[in-house]
Amino acid sequence: MSAPNLGVSVEPTERGNFVYLPLAPGRAGDAAQAQLSLRLQIINNESARVKLTAIAISFPGTAVSGRTHSVDIDVDAQATHTWYNDADKNLLIGLPAPGMIAIAISCANFTDAATVTQPMSAHESPVAAHSYLFPARATDLAANEFWAGASNAHWSGGEQLFAHDLSVVGWDAATNSWSSLHPGTNGSKNTDYLIYDKPIYAMAEGTVIDFRDDLDDNVPGKFPEVVIDYAGNHFHIQHGSEVMLYAHLKRGSLNPALKNLGASVRAGDLLGHAGNTGNSSNPHTHIHSIRGTQAWVGTLRPIPLHDAHVVALSELGSGSRAGPWTRVQGQGLPPVNSAIWPAPTGPSWNQDLRCDALWRSGSSGQYTRWGYTLTDFQKEEVALRGWGFRLAHQTSYDIGGGERRYDGIWNQGGDDRPIVWGWAPEDYFPKVQELFDGGYRLIGQDSYDIGGGKRRYDAIWKQGQQGQLTVWGWTLADLMARAEQLHAEDWRLVLLQAYTLVDGELRYDAVWNPGTQAQFVVYGWNESDFRQKVIDMFNDGFRLSLQQSYMFKGQRLFDGVFDPGADGQWAIWGWTGEFFHAKTTEMFNAGFRLRSQQSYPV
């Protein structure tokens, strides 16, 4: 007999292409892989029952190995059977992936198989960046904690073949191992688990279509005898054409502002806190995505992520943070149990650096770059300029041995901005005058010592016609006297930098623009007093428009400029690079834009 008359539809399929999930590698040197998980709807168009005996997956025209699944399935005439390659039958293939997939279904008493062939491509989610944020933040982790999870690992099949059960692990020195429990606990209480009560955040913009918040936590170590709701306390959120389930949340922890059907969700919004509710035996967070518009009604979809770093837990020995981290951009988690650092910069970025930063309310596009060599920074500047972004702030620092690194902030814009890097004073000072005469005004200036008291200048200008006054290398006493005089003459401080000369003397560079608004400036305050001043000025209707810190006589001191304002503001001081970088992502999603930042070695 010929092939059986079967209708076969294949999921996940988008725009006619069968889609797979590229996976991030967990170990250095691991071959790039992709997870293929299938859902087949098989319609028996014969007039009699057929028995399915095998389902074979292959990749025509390639040497890539496929897989044949032996089955024993009876399908009545005109009936439909849904088949999944269960969790233990997911197919991992190397990347780049073949361009086509073929599925052949063999039946008893038929000499040929029913076949379907489709093009293949990587899945792109219907959200910004075509991938999702990880549903947690690095800034909520304690020292030596990481999120943990893996692709190709969820025990349940069906529409959850791409699902994740996520936990938090930390280094336990007593057992010399990574553990999901607080040291000295045994897992008998929900609070023993590191993940318990950790905040969970929206992975993209969307709309609430379902939620629950009234179930108590389960007793750890066993599933509940009666499961009232498999998802426990949860949100189902519509992200484009996909619905994401955020499950097993703690009772009463759901964000009240989102507990309304149809509520708008922003990427990074707090959803709730991790718990142990529903079909769950231990505290964890479950996520999975389907294509559809209703909770639980739809077909499986991969979950590509972005702005996270991963490494196999086995690669992190003795609690070290310095693993061979891989940045996840449009990929799934590795297919091995992995540590996850949900931030665009890895946790071992540079433990010898600290960062101060200032955010103000904003909604425009913004790019940030950290730790670039000058050559790479210049290349990035050209690329971002071509995308319609302009450099607004830059800073550089010595990471040791005279090797400098650059950080930068680019905002949306199309204006012309001359930039110089590493100019000596004898070249730089005339350049300032030349550009002033040509209709440009300084908006960024950074100077540094390259050794032996030799100063160099980096600077940014933009077009402008207002007046501008500059001073270089002034003592604090002279600067304060000059600043008081200029304030009375309607000039306001816009750029300020303190530095120590080879002989240990403190010097200042400064720039003023015309202005009549009230302005307060502080010089050389210690951190605790400066922090309190920022709070006091905020309450009085002033916002920090400029801050800097520097070492002088063994103490870190702070200068600040405060101008009138009513917008939101956030400032940090002395954060490690990885936490600062994670905070930048968090603040961007909350509607803040980085105004300035400073990195320095400790």
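The values are calculated or read from the model by the stated rules, or taken from the named source; none is laboratory data. Keep in mind it's a predicted model, so treat the numbers as computed, not measured. Here Cβ is always computed from backbone atoms with ideal geometry, including for glycine, and neighbour counts include all displayed protein chains.
(1) within 23 Å of ASP446 (Cα to Cα); (2) part of a loop (DSSP other than H, G, I, E, B); (3) β-branched (Val, Ile, Thr): which one isn't true of THR516, the others all being true?
(1)
Yes or no: THR585 among the polar types (S, T, N, Q), surrounded by 21 or more Cβ atoms within 10 Å (Cβ to Cβ), modelled with pLDDT under 95 and outside the structural domain of ASP269 (by TED's automatic domain parsing)?
yes
Tally time: how many residues in the stretch 549-561 are farther than 20 Å from ALA481 by Cβ and in contact with a strand residue (DSSP E or B) (Cβ under 6 Å, 6 or more places away or on another chain)? It would help to see each step written out before you state the result.
Of the stretch 549-561, the ones farther than 20 Å from ALA481 by Cβ are 549-551, 553-556, 558.
Next, only the ones that are in contact with a strand residue (DSSP E or B) (Cβ under 6 Å, 6 or more places away or on another chain) stay: 549-550, 556, 558.
The number of residues fulfilling the criteria is 4.
Matching residues to (1) part of a strand (DSSP E or B); (2) in contact with a Pro (Cβ under 7 Å, 6 or more places away or on another chain); (3) aromatic (Phe, Trp, Tyr):
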| site | (1), (2), (3) |
| --- | --- |
| PHE223 | no, no, yes |
| VAL226 | no, no, no |
| HIS236 | yes, no, no |
| ALA247 | yes, no, no |
| ARG251 | no, no, no |
| ALA274 | yes, yes, no |
| SER280 | no, no, no |
| HIS286 | yes, no, no |
| SER289 | yes, no, no |
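Of these, ALA79, ALA32, which one is touching a strand residue (DSSP E or B) at 6+ places or on another chain (Cβ under 8 Å) and modelled with pLDDT under 95?
Values: ALA79 fails: modelled with pLDDT under 95.
That would be ALA32, the only listed residue that is touching a strand residue (DSSP E or B) at 6+ places or on another chain (Cβ under 8 Å) and modelled with pLDDT under 95.
Please work out if ASP407 is of a type in the set (Asp, Glu) and under 23 Å from LEU546 (Cα atoms).
When the stated conditions are applied, ASP407 passes them.
SER289 - would you say it is assigned by TED's automatic domain parsing to the domain that holds ALA202 and closer than 30 Å to ASN85 by Cβ? Before you say what the answer is, go through the steps one by one.
Working: assigned by TED's automatic domain parsing to the domain that holds ALA202: yes; closer than 30 Å to ASN85 by Cβ: yes.
Yes.
Answer with yes or no whether ARG595 is in a strand (DSSP E or B) and either of a type in the set (D, E, K, R) or touching a Lys or Arg at 6+ places or on another chain (Cβ under 8 Å) (or both). Spell out how you get there, then give the answer.
On the way: in a strand (DSSP E or B): yes; either of a type in the set (D, E, K, R) or touching a Lys or Arg at 6+ places or on another chain (Cβ under 8 Å) (or both): yes.
Yes; evaluated as a whole, the condition is true for this residue.
Checking ALA113 against (1) outside the structural domain of GLY272 (by TED's automatic domain parsing); (2) at pLDDT below 95; (3) of a type outside the set (Ser, Thr, Tyr), which test does it fail?
Going through (1) outside the structural domain of GLY272 (by TED's automatic domain parsing); (2) at pLDDT below 95; (3) of a type outside the set (Ser, Thr, Tyr) one by one, ALA113 breaks only (2).
Exactly one condition in (1) farther than 17 Å from PRO283 by Cα; (2) of a type in the set (A, V, I, L, M); (3) at pLDDT 95 or above; (4) not in a loop (DSSP other than H, G, I, E, B) is not met by LEU261; state its number.
(4)
Determine which member of the set LYS431, LYS533, LYS462 is within 23 Å of GLY554 (Cα to Cα) and among the basic types (Lys, Arg). Even if it seems obvious, please write down each step before you answer.
Numbers: LYS431 fails: within 23 Å of GLY554 (Cα to Cα); LYS462 fails: within 23 Å of GLY554 (Cα to Cα).
Within the list LYS431, LYS533, LYS462, the selection yields LYS533.
Here is a yes/no grid of residues against (1) within 29 Å of PRO183 (Cβ to Cβ); (2) among the acidic types (Asp, Glu); (3) crowded, with 21+ Cβ neighbours inside 10 Å:
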| position | (1), (2), (3) |
| --- | --- |
| SER281 | yes, no, no |
| THR299 | no, no, no |
| ALA312 | yes, no, yes |
| SER318 | yes, no, no |
| ALA322 | yes, no, no |
| GLY365 | no, no, no |
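Just give me the residues in the stretch 35-60 being more than 38 Å from the chain's Cα centre (by Cα) and either on the phi > 0 side of the Ramachandran plot or of a type in the set (Val, Ile, Thr) (or both), in sequence order. Explain how you work it out, then say what you get.
Restricting attention to the stretch 35-60, the residues satisfying the condition of being more than 38 Å from the chain's Cα centre (by Cα) are 42-56.
Residues satisfying the conditions are ILE42, ILE43, VAL50, THR53, ILE55.
List the pairs whose first member sits in the stretch 285-307 and is more than 28 Å from ASP197 (Cβ to Cβ), whose second member is surrounded by 23 or more Cβ atoms within 10 Å (Cβ to Cβ) and of a type in the set (Lys, Arg), and whose Cβ atoms are under 8 Å apart, counting only residues at least 6 apart or on separate chains?
ARG291/ARG301
Tell me, which strands (runs of 3 or more DSSP E) lie completely within the stretch 292-390 with 3 or more residues that are modelled with pLDDT under 95? Lay out the reasoning, then the answer.
On the way: elements: 297-301, 305-312, 326-331, 338-341, 353-361, 366-372.
In the stretch 292-390, the matching strands (runs of 3 or more DSSP E) lie at 305-312, 326-331, 353-361, 366-372.
Which pairs turn up if I take residues in the stretch 72-89 that are without any contact (Cβ under 8 Å) to a residue 40 or more places away in the chain and look for partners that are surrounded by fewer than 17 Cβ atoms within 10 Å (Cβ to Cβ) and of a type in the set (Gly, Ala, Ser) with beta carbon separation below 6 Å, at least 6 apart in sequence or on another chain?
Close Cβ pairs satisfying both conditions: ALA77/SER47; ALA77/ALA48.
Can you name the residue in the stretch 549-575 that is under 30 Å from ARG321 (Cβ atoms), surrounded by fewer than 18 Cβ atoms within 10 Å (Cβ to Cβ) and not hydrophobic (A, V, I, L, M, F, W, C) and, of all such residues, is farthest from the chain's Cα centre (by Cα)?
In this case the residue turns out to be GLY554.
Name every residue in the stretch 182-225 that is of a type in the set (A, V, I, L, M) and surrounded by 19 or more Cβ atoms within 10 Å (Cβ to Cβ), in order of residue number. Lay out the reasoning, then the answer.
Step one: of the stretch 182-225, the residues of a type in the set (A, V, I, L, M) are 194-195, 200, 202-204, 208-209, 215, 219.
Across the stretch 182-225, the qualifying residues are LEU194, ILE195, ILE200, ALA202, MET203, ALA204, VAL208, LEU215.
List the residue pairs whose Cβ atoms are under 6 Å apart, where the first residue sits in the stretch 398-420 and is loosely packed, with under 15 Cβ neighbours inside 10 Å, the second is at pLDDT 85 or above and small (Gly, Ala, Ser), and the two are 6 or more positions apart or on different chains.
Final answer for the pair search is GLN412/SER364; GLN412/GLY365.
Mind listing whichever residues of the stretch 44-76 are surrounded by 15 or more Cβ atoms within 10 Å (Cβ to Cβ), over 18 Å from LEU91 (Cβ atoms) and touching a His at 6+ places or on another chain (Cβ under 9 Å)?
The answer is ASN44, LEU52, VAL75.
Has the stretch 77-87 got any residue that is charged (D, E, K, R) and either exposed (fewer than 13 other Cβ atoms within 10 Å of the Cβ) or in a strand (DSSP E or B) (or both)?
Restricting attention to the stretch 77-87, the residues satisfying the condition of being charged (D, E, K, R) are 86.
From what is left, the residues that are either exposed (fewer than 13 other Cβ atoms within 10 Å of the Cβ) or in a strand (DSSP E or B) (or both) are none.
Among the residues of the stretch 77-87, not one is charged (D, E, K, R) and either exposed (fewer than 13 other Cβ atoms within 10 Å of the Cβ) or in a strand (DSSP E or B) (or both), which makes the answer no.
Where residues in the stretch 124-140 are part of a loop (DSSP other than H, G, I, E, B) and under 14 Å from the mean Cα position of the chain (by Cα), which of them is surrounded by the most Cβ atoms within 10 Å (Cβ to Cβ)?
Our first condition is that a residue be part of a loop (DSSP other than H, G, I, E, B); within the stretch 124-140, this holds for 124-127, 131, 134-137.
Retained after the next criterion (residues that are under 14 Å from the mean Cα position of the chain (by Cα)): 131, 134-137.
Values: SER131: 23, PHE134: 26, PRO135: 23, ALA136: 22, ARG137: 23.
Here the answer is PHE134.
Return the only residue of SER121, SER177, SER167 being surrounded by 18 or more Cβ atoms within 10 Å (Cβ to Cβ) and either under 27 Å from the mean Cα position of the chain (by Cα) or assigned by TED's automatic domain parsing to the domain that holds GLY272 (or both). So that I can check it myself, show each step before the final result.
Details: SER121 fails: surrounded by 18 or more Cβ atoms within 10 Å (Cβ to Cβ); SER177 fails: surrounded by 18 or more Cβ atoms within 10 Å (Cβ to Cβ).
Answer to the check: SER167.
Test ARG456 against the criterion of being in the same structural domain as PHE562 (by TED's automatic domain parsing), buried (at least 19 other Cβ atoms within 10 Å of the Cβ), basic (Lys, Arg) and not in a loop (DSSP other than H, G, I, E, B), and give yes or no.
Numbers: in the same structural domain as PHE562 (by TED's automatic domain parsing): yes; buried (at least 19 other Cβ atoms within 10 Å of the Cβ): yes; basic (Lys, Arg): yes; not in a loop (DSSP other than H, G, I, E, B): yes.
Considered against the rule, which asks whether it is in the same structural domain as PHE562 (by TED's automatic domain parsing), buried (at least 19 other Cβ atoms within 10 Å of the Cβ), basic (Lys, Arg) and not in a loop (DSSP other than H, G, I, E, B), ARG456 comes out as yes.
Look through ASP229, ASP269 and report the one residue that is touching a residue at least 60 places away in the same chain (Cβ under 8 Å) and in contact with a strand residue (DSSP E or B) (Cβ under 9 Å, 6 or more places away or on another chain). Please lay out each step first, then the result.
Values: ASP229 fails: touching a residue at least 60 places away in the same chain (Cβ under 8 Å).
Of ASP229, ASP269, the one residue that is touching a residue at least 60 places away in the same chain (Cβ under 8 Å) and in contact with a strand residue (DSSP E or B) (Cβ under 9 Å, 6 or more places away or on another chain) is ASP269.
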